[in-house]
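The values are calculated or read from the model by the stated rules, or taken from the named source; none is laboratory data. What you are looking at is a predicted structure, and each value in this text was computed from that prediction instead of being measured. Virtual Cβ from ideal backbone geometry, glycine too; neighbours counted across all protein chains shown.
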Amino acid sequence: MGLWILYDGKSGLPSASYPAIMAGAFLAMLEVRLSRIIPSYLHQMLVPLSCVTTAVFVAHVLIGPVGRAIGDAFGQLVSTVMTADYGIIFSSAITNYH
């Protein structure tokens, strides 16, 4: 089965977008910090290799579940706002703006 993170059939655009944005931000911060530490003659080899290796691991283990939880919470918030007693106001504003 792989990791302890299993697909539950509820993934949507927010569940996929937030982890990708967070992983990109983490990769950028890691690259800047490693560029300061690693000497220039090893820079072109070690910085990309160590950045991508570390970022992929951290994205799968930490950022993915956290970003997915944020996306699911945001989706639940939007769903609650659209289906609540006052939801007719927000549902028409959200769905009819195109």
Quiz item: If you take the residues in segment 56-91 that are farther than 18 Å from residue 25 by Cα, among the small types (Gly, Ala, Ser) and in a helix (DSSP H, G or I), which one is modelled with the highest pLDDT?
Solution: 73
Self-check item: Cross-chain or 6+ apart pairs with Cβ under 9 Å, segment 37-55 first and within 24 Å of residue 21 (Cα to Cα) and free of Cβ contacts under 8 Å to residues at least 60 places away in the same chain, then surrounded by 10 or more Cβ atoms within 10 Å (Cβ to Cβ) and of a type in the set (D, E, K, R)
Solution: 47/31; 48/31; 51/31; 55/31
Quiz item: So, of the residues in segment 1-39 that are among the polar types (S, T, N, Q) and at pLDDT below 90, which turns out to be farthest from the chain's Cα centre (by Cα)?
Solution: 11
